[in-house]
Every structure is written in structure tokens, then in C-alpha cells.
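The values are calculated or read from the model by the stated rules, or taken from the named source; none is laboratory data. From a predicted model like this one, the values you see are computed outputs, not experimental measurements. For neighbour counting, all protein chains shown are included, and Cβ atoms are generated from backbone atoms with ideal geometry for every residue, glycine included.
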């Protein structure tokens, strides 16, 4: 009897027999699923019943009796022993839900992820994605009653959110999840990573109600970096450019006033930096014209600055000096 491989990935026997999924006829998928569970205790699990159907019924009876730990082990044993059985997806879902009920949120997230990866199409996808999102938020939110949230909780939440976004980048709350990644990075003081995360909100979800706020948060993070490294003219100018862009795109935003304050402060500092640079050139440059050029740049770029008028006065003073030097020469 011949075996035919059809385009849909099933092995078909001629005659009335039903289609058999290709992975049922190989141990590769079974070993792959087992290997995915790296915890040593998975290998120690043994089912109490002889068939997956009996094991599933037994596991669900344990849940009804309130024996959640025993039920967790029973569902786990089913998935490990019969990973390709029709009962395995339901057992995996129940196992994840029991971990969830027992407030083992990070473990529950991982088991939901295992379900998504190995049993797609066998569960309510949006419900599982929604729960993954909620679990990621709970990883940090339930600790906010304490004096501080440890670094690793935020890192774990970020990893969970990014995994969820890979699973469902167009899910109804994906924009919120992406925004939350940026917020957590910002809380951790990783402004560069926060800026990239906030930028993804605007790139992927430009119509999201959070897009405007995410852009302002980029401005705030850039401003924070410019405060941390005040010697960096590049960071200061980049922050100013972002604030200016925000005001251009959202002139009536609720964040416009703060963005304007950032911009004014950054402009003031940049004008002062140019003024100080010109003073150095006055003392060290071989030609006073270099200092004049910097003063002129200050006046052109920041005409309303408090440093503009002193710069004009210095230009007049330097021109007189240059004339005298030329006459003496």
C-alpha cells in the first residue's frame, strides 16, 4: 500500500482512513516538545492513567476537588507523555491556567507561550494573548506596593511584553504593550532603549491614541540624556531638534508647554556653549575671525537668546582689534 504526501502536510492512506498529521508518525516533534521543557522535574512526571483521554479526565477531576497542585502535575504528565495527542493542547492550556490561579505569573506566561508555539489553532488565541499581556503587567504592578521594584522584575516584564508582541503585533492592545516597554525602559534609566521602544509605537501604530504621548516621551528621554551628559553638544542639539519637531507636529498638545520649556532651556544652553567656545577661540585661535564666525552663528541660530546681545558686542570689539592688528602689520 502506498503512502501519499499531500500539499497540506498530511499523510493520506488510500481508502476511507482519516488523514494522519505528519508529525504523528515521527518522534522528532515529541522530542522537540519535551526538550523545550528544560526543567528537570518534567522528566520525573509519570501519568496515573494509561491513555491521554483517561489522564485528562483524571486531571480535571482533581481540579474539581480543589487539588490544584496535583492537577497541575497530572496535566503536565499528559503533555510530556503524549505531546501529540488530541488531549495535549487542552492539558497544556489547563496547566497554564492553574499556574495562573496559583499566582505563579511568570511560569504561567511561559506555559501560555509554549501553548502558542506548539499548539496553534487549538485554543482561543486572543484570550491567551490578552492574558499574556495582563501577566506581563502584573509582574511589576503587584510589586508597586513595596518600597521599590527590583530591576529584574522590570526586565522580565519587558521580555514578556516583547514576546507577546512577536506573537501578535497587530493585536488590539499591541500599541499599549509597545508603549509599556518604553515606559519600563525609562523607569530603569535606559533612555536609549526607551526612545527606540517609543519610536516603535509611532512607526507601527501611527493612529494609536498613544502615538502623540510616545513622541513626547521620546523628547523627555532625549532631554534627560542631555542633562546627564551636559558636555555633549550632540545630545543637546538632538534633544532640541526632537522638541522642535514635537511642537511642529502637535502645537496644541497637552504636552506642548513642557516641550517648549525643554526647547527654551536647551537653546539657552546651546547659545551659552557657543559663546564660551568663541571666547576660547579669542584666546587660542591664530585668527580672531574664527571667534567672530562663532559669535555670528550664535546670533543667527539663537537671535532671542540672552547671549545674542553680548555676542554682538564682542563682534564689534573683535573687529576693532582686527583693524588695529592689520594696521600694525
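Taken over the range 78-101, residues that are assigned to a helix (DSSP H, G or I) and either modelled with pLDDT under 95 or farther than 13 Å from residue 57 by Cα (or both) amount to 13.
For the residues 106, 74, the requirement of being surrounded by fewer than 18 Cβ atoms within 10 Å (Cβ to Cβ) and in a helix (DSSP H, G or I) singles out 106. Within the range 170-190, the set of residues being in contact with a helix residue (DSSP H, G or I) (Cβ under 7 Å, 6 or more places away or on another chain) and over 18 Å from residue 255 (Cβ atoms) comprises 171, 173, 174, 177, 178, 180, 181, 184, 185, 187, 188. When you look at residue 311, is it surrounded by 18 or more Cβ atoms within 10 Å (Cβ to Cβ) and more than 19 Å from residue 237 (Cβ to Cβ), yes or no? In short, no. Here residue 306 clears all of (1) closer than 27 Å to residue 244 by Cβ; (2) assigned to a helix (DSSP H, G or I) except the condition numbered (2).
Give the residue that is surrounded by the most Cβ atoms within 10 Å (Cβ to Cβ), with candidates limited to residues of the range 146-158 that are at pLDDT below 95 and closer than 18 Å to residue 104 by Cα.
Residues of the range 146-158 at pLDDT below 95: 146-157.
Imposing the further condition that a residue be closer than 18 Å to residue 104 by Cα reduces the set to 149-150, 152-157.
Numbers: 149: 19, 150: 11, 152: 9, 153: 19, 154: 19, 155: 16, 156: 18, 157: 24.
Across the range 146-158, the extreme among qualifying residues is 157.
Of the residues in the range 246-263, none is touching a helix residue (DSSP H, G or I) at 6+ places or on another chain (Cβ under 9 Å), under 30 Å from residue 317 (Cβ atoms), assigned to a helix (DSSP H, G or I) and free of Cβ contacts under 8 Å to residues at least 40 places away in the same chain.
Is the range 102-120 home to any residue that is out of contact with any strand residue (DSSP E or B) (no Cβ under 9 Å at 6 or more places or on another chain), modelled with pLDDT of 95 or more and more than 30 Å from residue 172 (Cβ to Cβ)? No: the range 102-120 contains no residue that is out of contact with any strand residue (DSSP E or B) (no Cβ under 9 Å at 6 or more places or on another chain), modelled with pLDDT of 95 or more and more than 30 Å from residue 172 (Cβ to Cβ).
Residue-level check: of (1) surrounded by fewer than 19 Cβ atoms within 10 Å (Cβ to Cβ); (2) within 18 Å of residue 160 (Cα to Cα); (3) without any contact (Cβ under 8 Å) to a residue 60 or more places away in the chain, residue 85 misses just (2). Residue under question is residue 217, and the condition is that it be crowded, with 21+ Cβ neighbours inside 10 Å and either assigned to a helix (DSSP H, G or I) or in contact (Cβ under 8 Å) with a residue 24 or more places away in the chain (or both); does it hold? So residue 217 passes the test. Is one or more of the residues making up the range 220-233 modelled with pLDDT under 95, part of a helix (DSSP H, G or I) and closer than 30 Å to residue 318 by Cα? Within the range 220-233, one or more residues are modelled with pLDDT under 95, part of a helix (DSSP H, G or I) and closer than 30 Å to residue 318 by Cα. Checking the stated criteria, residue 193 turns out to be under 27 Å from residue 153 (Cβ atoms), free of Cβ contacts under 8 Å to residues at least 12 places away in the same chain and in contact with a helix residue (DSSP H, G or I) (Cβ under 8 Å, 6 or more places away or on another chain).
Against the condition over 14 Å from the mean Cα position of the chain (by Cα), touching a residue at least 40 places away in the same chain (Cβ under 8 Å) and over 23 Å from residue 156 (Cα atoms), how does residue 226 come out, does it pass? Judged against the criteria, residue 226 is a match. The single condition among (1) closer than 25 Å to residue 101 by Cβ; (2) modelled with pLDDT of 95 or more; (3) assigned to a helix (DSSP H, G or I) that residue 171 does not satisfy is (3). Here the range 229-244 is the region considered, the condition is being under 25 Å from the mean Cα position of the chain (by Cα) and free of Cβ contacts under 8 Å to residues at least 12 places away in the same chain, and the residue that is farthest from residue 200 (Cα to Cα) is 229.
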